[in-house]
Amino acid sequence: MRRTGFFIVWASIVISMAAHAMEPEKQKPNRLINETSPYLLQHAYNPVEWYPWGEEAFAKARKENKPILLSIGYSTCYWCHVMERETFENEAIAKLMNDSIISIKIDREQRPDVDEIYMTATQLMTQSGGWPNNVFVTPDLKPFFAGTYFSPEDTSYRPGFATLIKHIHEEWTKNPEAIKEQAERVRAAIVSFKQGESHQVATALPDQNTVQTLLDHFRNNYDSHLGGFYQAPKFPNEDALLFLLAAYRMNNDARALEMAQFTLTKMAEGGIYDQVGGGFHRYSTDAEWRIPHFEKMLYNQALLGRAYTELYSFSNAPLDRGIAASTFDFVLRDMTHPEGGLYSALDAETDGAEGASYAWTEAELQKILDQKSYVWLSRYYGLADIPHIPGHKNTDGKILYLKQPVAKIAAAEKVSSEQVLARMQPIMDTLRKARDKRQQPRLDDKIITAWNGLMIDSLARAGMELKEEKYTEAAKKAADFVLAHLRTPDGELLRMWRGGKAQTPAFFEDYSFLIQGLVSTYHATKDGRYLAEAEKLAQKAKEIFWDKEGGGYFYTDGNEALLVRMKNAEDSAIPSGNAIMAQVLLDLYELTGKAEWKQQAEDMLKAFGMAIEANPRSYTHLVHALLRLDHAAPVADTTSMQNVAVAADKDAMSTMTWVKVSVPENAVKRNTDQLRVTAELDVAPGWHVNANPASLDFLVSTSADLREDSGALVIKAVHYPEATAMTTPLGHIKIYEGKILISIEARAPKDAKNLRLLVRAQACKDTTCLAPSDWVIKLPGS
């Protein structure tokens, strides 16, 4: 894709070089002061003349013939806050922006459709992405340049944001036609990319082997030592956990239950779980689940709360019940509107330091707790260091994690697991009361219909399974709130409510997630009103979003002229709306006996059938629906993976394009229970991968690991090659280039089954880094 001369792509990982902050109260508010989104209001006192997304800004750009900056983020985004402090509060940069471009701020949670389109633009142009997402577009909204985080000042390697704005203005003034040509090519690529899955309609349901293929994928990427899938950073992967629990429930797949149960147990022991206040942080930066990225999202609480509830229904274990209950209790305590609606998120940072509210020092713990409690806590809990981000405010505190399973503590104390949990509770209550006196992370108190639907579903399920009426009542209150405040007189839903004002027409996920919540609330209460509302909304969703030609549901109602009308059947951090609706339609069929609901679910699975078969991992929740449809009983393992790499990512333009991984002949050596495996990475000329350890916390280390099914394998050593130094805008970093060898020494059972090599790497070139890729290679003789 051709670009005009100065357009250089910068990686999202670049850290700032300088800050120019001023107090917001010294500024007059800009147009964002009239918005309700907390993220937009955070920028209302910037000296930048921000506009919200809308015709006023578009018309001004057309009238003045200026390019537009779409700056997209969300209220709990750490690097969004950094860029605001350093760049958008800078008076000189703001003047350049105000004179040269039209600046639009967008809350991605309020307008996920706009975010999806322009994140696709960023990924197509840069092969990377993240937030804040800053996309420059023509007055007709076609993108021509994109990047994520920009520091304010120039370095020896790249221009800062001020210089970038000057160059944008200069190129737009001198060579607008070349920019418009570039923008049209990017627009066409976005349309082709986003409509791809919609144009591959199958005439039959996905093959019954699809379920087994997905199960095999999780088995091959499963960490039997630490839980979870893939390598660090580790995400909860709720879609995987719920699918595995369903595979056990429907097909008695014991291995599926084992993977889900062990993963959920290890997460509960780590710092990703808030040991003091309950609830889960977004993801873990390390393989042991100890150091989280600290934002707390409502959808994570909903999906993980449901996973622990379902696990408890099988295990009857006090820990599983306790984690589920503490997650829901956290939401009811800290993320619930007095009338029942559920808030969106808690920020990762406090006063500019990530994780500060959650961190402890030894001295603080000794001061707060009595001696007996402190000794007990120290015996069974550890404190993990929070990595420092160079050039930014950091905290010296550490994060609590459980050093050993509750069952082992019970054995050591010669008591039951219930008694161990009972001993923990007053200690954690004391710490929470002390923590509540600190400055707290910022609360994003907007109420989103879709996310409320997810939590309503989970609360209703918890009320039934845990036999806790308070969760059923909370589900009812939240459902009643949404139906009362986020619906128009003609029965259509709205996306967001805050401060007494509902706005933005709902997207398809808002309908499907809320319908699921209503169905579960009906199950919990047997109140027919909730089932009736669910059926009405299902019919309304079909009228507004159903694709009569290709099947499946569109993401938007089509009333606003965006670059493309998408369907979005792939899962992300939350399930796809199409996947949840497929399951909801089956629920409605089971409850009402109406064949039309089941037929529509089948039509939807057919609509995405070819895409599901090609890459089931990206459509895990739809495969979950396929499993429910009872068209896909598990079959024999058909995978043949000897020395064949299996991609965990789906992007064609990925690290796998530039890095090849193999196990050379005779590179697997055994001597009784001693094992040595050597992996070869071949990095394309001009590209490099990050050394291990990576030079900065937010670079992805090249790493290798061995896995097998019993969990008895022990890694003794991993030998990485000598790294090369490279000078970048971040300073000197260590990298690997060309052909490199990584050898692993391990102790493994002689009869180890499904022995496999896992490799993770991130390809970078100049200042652009692609998304990391994961390889799984099954080793011979296992």
Practice task
Please figure out what share of the DSSP beta bridges in the chain is antiparallel and state it in percent, rounded to the nearest 5.
Solution key: 90 percent
Practice task
Please state the charge dipole magnitude for the chain, taken about the Cα centre, from unit charges on C-beta atoms (+1 on K and R, -1 on D and E), reported in debye and rounded to the nearest 20.
Solution key: 820 debye
Practice task
Report the trypsin sites (Lys or Arg not before Pro) located in the stretch 389-496 that are in a DSSP loop and have at most 11 other Cβ atoms inside 10 Å of their Cβ, or state none.
Solution key: LYS414, LYS437, LYS467
Practice task
Taking the Cα atoms of the stretch 310-455, report the difference between the largest and smallest coordinate on each principal axis, in whole Å and largest first.
Solution key: 47, 43, 26
Completion exercise
Carbon/sulfur accessible area of the chain, % of total, 1.4 Å probe, equals 49 percent
Problem - Square roots of 5 times each gyration tensor eigenvalue, C-alpha, the stretch 301-385, largest first, Å - result: 27, 22, 12
Handout entry: Furthest towards positive pole of dipole, ILE68, TYR78, ALA94, structure part the stretch 55-102, Cβ charges
Key = ILE68
Handout entry: Probe 1.4 Å, accessible area per residue of the chain, Å²
Key = 38 Å²
Fill in the blank from the handout: Probe 1.4 Å, all chains present, heavy atoms only: ARG498 accessible area in Å², nearest 10, is 60 Å²
Practice task
At a 1.4 Å probe radius, which order do ARG529, ARG219 fall into by accessible area, largest first?
Solution key: ARG529, ARG219
Exercise for the section: At a Cα cut-off below 18 Å, give the lysines reachable from LYS660, other chains included and same-chain residues fewer than 8 away excluded. Expected result: LYS650, LYS739, LYS765, LYS778
Fill in the blank from the handout: A correct Karplus calculation of ³J(HN,Hα) over the stretch 277-293, with 6.51 cos²θ - 1.76 cosθ + 1.60, θ = phi - 60°, whole Hz and x for Gly and Pro, returns x, x, x, 10, 7, 5, 6, 9, 7, 10, 6, 8, 6, 8, 10, x, 8
Fill in the blank from the handout: When the charge dipole of the chain is computed with +1 at the Cβ of Lys and Arg and -1 at the Cβ of Asp and Glu, the Cα pointing farthest to the positive end, of HIS621, PHE328, PHE145, is that of PHE328
Fill in the blank from the handout: the stretch 467-542: relative contact order from alpha carbon pairs under 8 Å, six or more residues apart, as a whole percent, is 25 percent
Problem - Relative pair counts by distance (%), Cα atoms of the chain, 20 Å bins - result: 15, 50, 33, 2
Completion exercise
When every protein chain stays in place and a 1.4 Å probe is rolled, SER695, SER743, SER192 sorted by accessible area with the largest first are SER192, SER695, SER743
Practice task
Could you pull the accessible area for LYS540 with a 1.4 Å probe, rounded to 10 Å²?
Solution key: 40 Å²
Handout entry: the stretch 292-386: relative contact order as a whole-number percent, Cα under 8 Å and 6+ apart
Key = 30 percent
Practice task
Ignoring everything but the protein chains, give the 1.4 Å probe accessible area of GLU91 in square angstrom, nearest 10.
Solution key: 90 Å²
Fill in the blank from the handout: Quick tally, 1.4 Å probe accessible area for GLU737, GLU535, GLU364, GLU269, sorted with the most first, runs GLU737, GLU364, GLU535, GLU269
Exercise for the section: Take every Cα pair under 8 Å in the chain that's 6+ residues apart, average their separations, divide by the length, and report that relative contact order as a whole percent. Expected result: 12 percent
Practice task
Whole Å is fine, so just give me how far the alpha carbon centre of the stretch 29-76 lies from that of the stretch 746-760.
Solution key: 53 Å
Exercise for the section: Filter the cross-link list LYS60/LYS567; LYS716/LYS753; LYS194/LYS542; LYS477/LYS606; LYS266/LYS414 down to pairs whose alpha-carbon distance in this structure exceeds 25 Å. Expected result: LYS60/LYS567; LYS477/LYS606
Practice task
Excluding residues on the same chain fewer than 8 positions from LYS437, give the lysines whose Cα lies under 28 Å from its Cα.
Solution key: LYS296, LYS367, LYS372, LYS393, LYS398, LYS403, LYS446, LYS470
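The values are calculated or read from the model by the stated rules, or taken from the named source; none is laboratory data. Keep in mind that what you see is a predicted model, and the values were worked out from it rather than measured. Cβ: placed from backbone, ideal geometry, glycine included. Neighbour counts: every protein chain shown. The accessibility values were calculated without ligands, DNA or RNA, using every heavy atom of the protein model including side chains. Shrake-Rupley method; radii C 1.70, N 1.55, O 1.52, S 1.80 Å.
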